[in-house]
1. Say the dipole of segment 31-130 comes from +1 at the beta carbon of Lys and Arg and -1 at that of Asp and Glu; which of 110, 100, 44 then lies farthest toward its positive end?
2. What ranking of 264, 200, 227 comes out by heavy-atom accessible area, probe 1.4 Å, highest first?
3. How about segment 38-101: which GluC sites (Glu not before Pro) there are in a DSSP loop, with at most 14 other Cβ atoms within 10 Å of their Cβ?
4. Once you treat every alpha carbon in segment 7-132 as an equal point and sum by Debye, what is log10 I(q)/I(0) at q = 0.18, 0.23 Å⁻¹?
5. Could you sort 84, 102, 19 by their accessible area in this structure, using a 1.4 Å probe and putting the largest first?
6. Using a 1.4 Å probe, what is the accessible area per residue for segment 5-128, in Å²?
7. Below 24 Å Cα-Cα, how many Lys pairs turn up in segment 21-155? Only count pairs eight or more apart in sequence, or on different chains, if you could.
8. Under 14 Å from the Cβ of residue 72, count the other residues' Cβ atoms, weight Lys and Arg +1, Asp and Glu -1, and hand me the total.
Amino acid sequence: MVRFGLTIVRHGETRYNKDKILQGQGVDEPLSATGFRQADAAGLFLSNVKFTHVFSSDLLRAKQTAATILGKNKFCKDLEIKCDARLRERKYGVAEGRPLADLKAMAKAAGEQCPSFTPSGGETLDEVKERARDFFEFLCQLAVELEQKEQDVHGAASRNSRTSEEQFVFPWTNHCSEAELSCDNGGVSKILDANILVVSHGAYMRNWIGYFVSHLNCTLPSDLTKSQLSSVSPNTGVSHFVIKLENGNLLKPEITCVCLNQDSHLVDVGAECVAQKVF
């Protein structure tokens with residue numbers, strides 16, 4: 001069985017986030033001072049997690065967040081950050097660079113509502129979901145190939161002989177119920193074939209997680225509300241999933257959500273953590 005961890009983090013705040021202006025793909029703003037502080041805080045929160053791979057959207061705000069998080073890590077400061085256009089924010093077309101209120105007005109004029117409304121030149125929700133599906137399948141294939149390589153080189157016994165020092169550390173155990181952390185009777189310390197960090201964007205992440213739930217029957221934390229599930233992550237909000245692929249079967253991943261949009265690390269940052277629901 002292939003088993004890997006997936007940690008998804010939204011980028012830190014930009015001045016456009018603060019001013020409620022849509023960025024999408026066409027506005028490539030850097031992090032604000034607050035955004036860098038948020039990324040620092042997320043990096044400290046994840047500093048004991050031994051990641052094997054790091055992927056980021058190729059937009060500046062995500063790349064800066066990923067680099068800042070890695071800079072705080074005790075084990076993988078030198079990991080290469082691989083940028084992937086499939087992780088970009090949803091494209092908002094003519095609404096990019098304009099206030100969020102304008103998008104709502106466009107939707108109302110068209111007799112529709114956000115976020116399902118697609119402005120001219122923008123991506124539909126299905127198009128965003130397809131990008132997310134394609135990237136997730138790529139991650140699953142990556143994990144399968146890593147497990148096969150490990151088997152070829154060391155054999156099955158090597159997976160059971162690793163020391164506890166080589167197991168992955170999870171910082172969010174205090175934020176989750178015992179049942180959510182004890183999946184497969186091995187708890188979160190069970191050996192993973194990969195532990196992957198992804199830095200992306202709010203609307204994209206909501207769509208991706210929605211795909212996990214609606215199409216792949218992701219198991220959710222017992223206390224998660226529908227409102228929390230439909231909300232956009234706060235800047236540098238952290239979500240973590242454990243994915244199991246029985247017999248390397250890419251078509252039927254078993255996904256467990258350990259935590260969703262975790263933001264306890266932002267308590268002392270002083271930034272506004274409430275995300276708008278449409279972008």
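1. The residue sitting most towards the positive pole is 44.
2. 227, 264, 200
3. Hits after loop and neighbour filter: 80.
4. One equal scatterer on each Cα of segment 7-132 leads to -0.96, -1.28.
5. Descending accessible area places them as 19, 102, 84.
6. Using a 1.4 Å probe on heavy atoms only, each residue of segment 5-128 averages 43 Å².
7. 22
8. Values: positive: 37, 50, 74, 77; negative: 40, 78.
Combined, the nearby Lys, Arg, Asp and Glu give +2.
The values are calculated or read from the model by the stated rules, or taken from the named source; none is laboratory data. Computed from a prediction, not measured in an experiment: that's the story for all the values here. Cβ sites come from the backbone with ideal geometry, for glycine too, and all protein chains shown count toward neighbours. For the accessible areas, the whole protein counts, side chains as well, though only heavy atoms, and no ligand, DNA or RNA atoms are used. Shrake-Rupley method; radii C 1.70, N 1.55, O 1.52, S 1.80 Å.
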